[in-house]
Amino acid sequence: MPVVHPVIVGIGQITYHPEEHPDTPYPLQLAKRVVEAAAEDCGSRAVLSRADSVTVINMFSHAYGDPAGQFCEMLGIGPRVREYTAMGGNTPQWLVNRAADRIARGTLSVAILAGSEAMLYAPAQTRDNWLQDIGGSDAPEMIGDTRWGSTPHEMLHHARYPLEVYPLYENALRAARGMSIAENRAFLAEYCARFSKIASENPRAWFRKARSSVEIGTVTDRNRMVNFPYTKYMNPIMNVNQAAAVIVTGTDTARRLGIPRDKWVYLHGGADGTDRWFLSERDDFTSSPVVREVASACLSMAGRQIGEMDLFDLYSCFPSATLLQAREMGLDLESLPPLTITGGLPYFGGPGNSYTLHAIVEAVERLRKAPDRFSFISALGWYFTKFSAGIYSGREPGRPWDRKGRDAVQQRLDSGRGPGLETAPKGTAAVEAYTVMHDRRGEPDYAIIAARLESGKRCWAMTEKDPELFRAMEEEEFVGKRGRVVPGDGGPNLIAF
């Protein structure tokens, strides 16, 4: 009896620019189009009626009472499993890995995975509050981890959202690499320009204009500083209308449905993990155990080395996300291969939690044309919190799909111990990581600081609102700088330098 390998057999994606498509539909209508395109792509309309699982990825741009159920009604199908996911950029790759497990076990035949956002349809209030109204009493039941990414104490100090946290990693990583602020600014601008060029060559990208490193790195009225050291053009673009879908099945079902062999793209490896959930529990801001462990497990399962990967799409919400992943995987940051095949979230577009589904579609398209190549896809949730990876190829694997070691990966991640947290610190503290956040006029607004006390414990702090200090923090290296920290009186802890 032949081994059943999980394969992606159908793909679809769409980017709906308002100037090209003034009739922008609701997100599930966009999702319906890409699922139908995926069925057409694999050459078997019967694949939809054979689906026993349909999963809709969490959406920010519209609230549905029963997203998966409504979606199945729109498609005219009745799968036994209808799911809606929790929030997290790791979700698409996690879903593919999960579907592959079930297909290999024989408990799943055909899985449809779809993600969509129509942010430029969404009312302004929805767009502006997309992170604040998740998980209310009327929210649909979700699969996956629904925990918020920050503790109340971290949120008190404005470590609340990705745009406030990833620059903490960037500044810490810059200091660890021994780069000056000017050197780092030039490095980031050139790095982002390479992503922008890739997006400019992608007809599905939201921004199809290649921006130069000077344009990206220079602060102007149009390109204000947002979250030091990131300018606006270094931040992800979430106000997009984009949707993608994949159909996953087994080689046995693909044969029965008559899906041509040249449509099959195999999964060779897959791994998932969760780091210690909260930032306060992490060892530092210059490493990521979950990336290191999960990437290693994924490569080991595929029987491959990182140098054998021909294509990468490392989750790219902010430069530090991609750079730290690359560093943990053993890639040289001074001579990186292209780390995106789409153009990345700031240039291709970041449709909420479903960006990586677009990366998977792009990889499948390329691997069909060059089946002996290998692609490494990664996906991140929150702040290096939830991480998933997958390895794809048009070449048939030499071994069955079996993720036997995944429990050991999570056990190692759970066994780590952070530095401990002091919530009411007092005394001398050295800056471990920091950022300066700017308002919509580009003016410095507040600083977020993680610091280490002389005891070695971590503390969170903010500064008084001092424009001169904020300017100094963007011109001088503050990582390692010592200050005096005092407990907040019902508010955030304060540090003075």
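What are the pairs, 6+ residues apart or on separate chains, where a residue within the stretch 81-110 that is surrounded by 22 or more Cβ atoms within 10 Å (Cβ to Cβ) has its Cβ under 7 Å from a residue that is of a type in the set (V, I, T) and part of a helix (DSSP H, G or I)?
Close Cβ pairs (under 7 Å, with a partner that is of a type in the set (V, I, T) and part of a helix (DSSP H, G or I)) amount to T85/T91; G89/T356; P92/T356; P92/I360; Q93/T356; V96/I360; V110/V47; V110/T253.
So which residues in the stretch 153-194 are hydrophobic (A, V, I, L, M, F, W, C), more than 20 Å from G381 (Cα to Cα), touching a residue at least 12 places away in the same chain (Cβ under 8 Å) and open to solvent by 10 Å² or more (accessible area, probe 1.4 Å)?
L156, A175, A176, I181, A186, A193
Being of a type outside the set (K, R), within 19 Å of S200 (Cβ to Cβ) and either open to solvent by less than 10 Å² (accessible area, probe 1.4 Å) or modelled with pLDDT of 95 or more (or both) narrows it down to one of I360, I341, so name that one.
I341
Looking at D310 and the list (1) more than 21 Å from A210 (Cβ to Cβ); (2) surrounded by 20 or more Cβ atoms within 10 Å (Cβ to Cβ), which single condition is not satisfied?
So D310 meets the others, but not (2).
Could you tell me which numbered condition A46 fails, if it satisfies all but one of (1) over 25 Å from the mean Cα position of the chain (by Cα); (2) of a type in the set (A, V, I, L, M); (3) within 11 Å of V110 (Cβ to Cβ); (4) surrounded by 18 or more Cβ atoms within 10 Å (Cβ to Cβ)?
So the condition that A46 fails would be (4).
Examine the stretch 272-279 for a residue that is assigned to a helix (DSSP H, G or I) and surrounded by fewer than 24 Cβ atoms within 10 Å (Cβ to Cβ), and state whether such a residue exists.
No.
Is it the case that the stretch 42-50 has a residue that's under 22 Å from W206 (Cα atoms) and of a type in the set (D, E, K, R)?
no
Looking at E468, E475, E443, E432 in this structure, which one is surrounded by 14 or more Cβ atoms within 10 Å (Cβ to Cβ) and at pLDDT 95 or above?
Criteria check complete, one pass: E432.
Given the stretch 412-497, what strands (runs of 3 or more DSSP E) lie entirely inside it while holding 2 or more residues that are not hydrophobic (A, V, I, L, M, F, W, C)?
427-438, 444-453, 482-486
Scanning for something of a type in the set (G, A, S), in contact with a strand residue (DSSP E or B) (Cβ under 8 Å, 6 or more places away or on another chain) and outside any helix (DSSP H, G or I), does the stretch 203-212 turn up at least one residue?
Yes; the residues of the stretch 203-212 include at least one that is of a type in the set (G, A, S), in contact with a strand residue (DSSP E or B) (Cβ under 8 Å, 6 or more places away or on another chain) and outside any helix (DSSP H, G or I).
Only one of these is more than 20 Å from the chain's Cα centre (by Cα), modelled with pLDDT of 95 or more, within 24 Å of A37 (Cβ to Cβ) and buried (at least 23 other Cβ atoms within 10 Å of the Cβ): S393, S375. Name it.
Sole residue among the options that is more than 20 Å from the chain's Cα centre (by Cα), modelled with pLDDT of 95 or more, within 24 Å of A37 (Cβ to Cβ) and buried (at least 23 other Cβ atoms within 10 Å of the Cβ): S393.
Within the group L113, L48, which residue is farther than 25 Å from L380 by Cβ and touching a helix residue (DSSP H, G or I) at 6+ places or on another chain (Cβ under 7 Å)?
L48
Could you list, in sequence order, the residues of the stretch 236-268 that are more than 18 Å from Y355 (Cα to Cα) and either within 19 Å of the chain's Cα centre (by Cα) or in a helix (DSSP H, G or I) (or both)?
T251, D252, T253, A254, R255, R256, R261, D262, K263
Within the group E170, E183, which residue is closer than 30 Å to G491 by Cα and at pLDDT 95 or above?
E170 is the lone residue from the list that is closer than 30 Å to G491 by Cα and at pLDDT 95 or above.
Which members of the stretch 428-455 meet the condition of being among the charged types (D, E, K, R) and touching a Cys at 6+ places or on another chain (Cβ under 8 Å)?
Passing the criteria: only R452.
The values are calculated or read from the model by the stated rules, or taken from the named source; none is laboratory data. Remember, it's a predicted structure, so these values are computed and weren't measured experimentally. Note that we place each Cβ from the backbone using ideal geometry, even for glycine, and neighbour counts take in every protein chain shown. The area values use the complete protein model at the heavy-atom level, side chains included, leaving out ligands, DNA and RNA. Shrake-Rupley method; radii C 1.70, N 1.55, O 1.52, S 1.80 Å.
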